[in-house]
Amino acid sequence: MGEPDGKQAKATLAATSWALLGLLSYEEEVSGYDLKKWIDWSVDLYYWSPSNSQIYTELKKLQSLGLVTSRIEHDEGTRTRRLYKITAAGLDAVTDWTNNAPVDPPVLKHSVLMRVTFGHLTSPARLKELLQEHVAYAEARHRKAVEDAEGAEAEPAWAYSVLALRWAAKYYAAEREFALELIKDIDEADALMQKAKGDSTKLRPTPGYWREIEKQVQAKRAAD
């Protein structure tokens, strides 16, 4: 049985596989451990970082599809490691994916913003603490993106990776500013709730009011 082409394999591959093939497209022979480190150094800043088990599961799948090959390398002692290399079919598949895959909208899963949404269940002080933690996280990620972009600039073959890393740096810088703005806005939101609450211990939205909002929004969209 011959190697499957990119179109046959495309429907069976997860995002992790495309990331691995993309990294292997530089045609360097590397281990799964090296790929994990490489992802943590680059892709993690603007996509995600799969676990080691995910990486090895996807590498096995890629090998079964004929998109990568592997071999065992023995060192001078008793240690061994498995090295992976992309095949011609794998390079064709990831090239086709890069050029022709549908552009999926990014999925934003912002746990901090979710907790701001339910701020009526906590206190302004606690929300500010959570946002300050997020500011520190964004600052750390911004520094990492800047440092990694500067480090990648030395290799011309990584020119496009540098662009992605620079974008990541701008993203985390903006994320920090958004969080700082939210911290300033919390007191205003709390004052509004306290004023509306009056002598009551809890402010509840008007039952079913969200349906009225939905109707208004739909009517506005229809008019546009």
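Summary table below
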quantity: Top-ranked residue of the range 147-179 - restricted to ones that are exposed (fewer than 12 other Cβ atoms within 10 Å of the Cβ) and small (Gly, Ala, Ser), ranked as modelled with the highest pLDDT; calculated: Ala159
quantity: Positions within the range 94-118 being open to solvent by less than 80 Å² (accessible area, probe 1.4 Å) and more than 21 Å from Glu175 (Cβ to Cβ), in sequence order; calculated: Val94, Thr95, Asp96, Ala101
quantity: Selected residue [outside any helix (DSSP H, G or I), open to solvent by less than 90 Å² (accessible area, probe 1.4 Å), out of contact with any strand residue (DSSP E or B) (no Cβ under 7 Å at 6 or more places or on another chain) and not charged (D, E, K, R)] from Leu203, Leu182; calculated: Leu203
quantity: Criterion: of a type in the set (A, V, I, L, M) and in a loop (DSSP other than H, G, I, E, B) - qualifying residue of Ala154, Ala196, Ala222; calculated: Ala154
quantity: Residue ID - surrounded by the fewest Cβ atoms within 10 Å (Cβ to Cβ), chosen from residues in the range 50-83 that are part of a helix (DSSP H, G or I) and of a type in the set (S, T, N, Q); calculated: Ser53
quantity: Flag for Asp224 being over 20 Å from Tyr46 (Cβ atoms), over 19 Å from the mean Cα position of the chain (by Cα), at pLDDT below 95 and outside the structural domain of Thr122 (by the TED database); calculated: yes
quantity: Odd one out for Leu121 among (1) more than 30 Å from Glu28 (Cβ to Cβ); (2) open to solvent by less than 70 Å² (accessible area, probe 1.4 Å); (3) over 22 Å from the mean Cα position of the chain (by Cα); calculated: (2)
quantity: Test: Arg71 is more than 30 Å from Met193 (Cβ to Cβ), in contact (Cβ under 8 Å) with a residue 12 or more places away in the chain and touching a Leu at 6+ places or on another chain (Cβ under 8 Å); calculated: yes
quantity: Odd one out for Gly208 among (1) touching a residue at least 40 places away in the same chain (Cβ under 8 Å); (2) over 29 Å from Tyr47 (Cα atoms); calculated: (1)
quantity: All positions within the range 163-190 that are over 12 Å from Tyr46 (Cα atoms) and without any contact (Cβ under 8 Å) to a residue 60 or more places away in the chain; calculated: Ala173, Ala174, Glu175, Arg176, Glu177, Phe178, Leu180, Glu181, Ile183, Lys184, Asp185, Glu188
quantity: Residues of the range 44-55 classified as among the hydrophobic types (A, V, I, L, M, F, W, C), closer than 17 Å to Tyr137 by Cα and at pLDDT 90 or above, total; calculated: 1
quantity: Number of the condition not met by Tyr47 [criteria: (1) in a helix (DSSP H, G or I); (2) open to solvent by 40 Å² or more (accessible area, probe 1.4 Å)]; calculated: (1)
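The values are calculated or read from the model by the stated rules, or taken from the named source; none is laboratory data. Values in this document were obtained by computation on a predicted structure and should not be read as measured data. Quick reminder, even Gly has a Cβ in these numbers, built from the backbone with ideal geometry, and neighbours come from all protein chains shown. Surface accessibility is based on the protein's heavy atoms, side chains included, excluding ligands, DNA and RNA. Shrake-Rupley method; radii C 1.70, N 1.55, O 1.52, S 1.80 Å.
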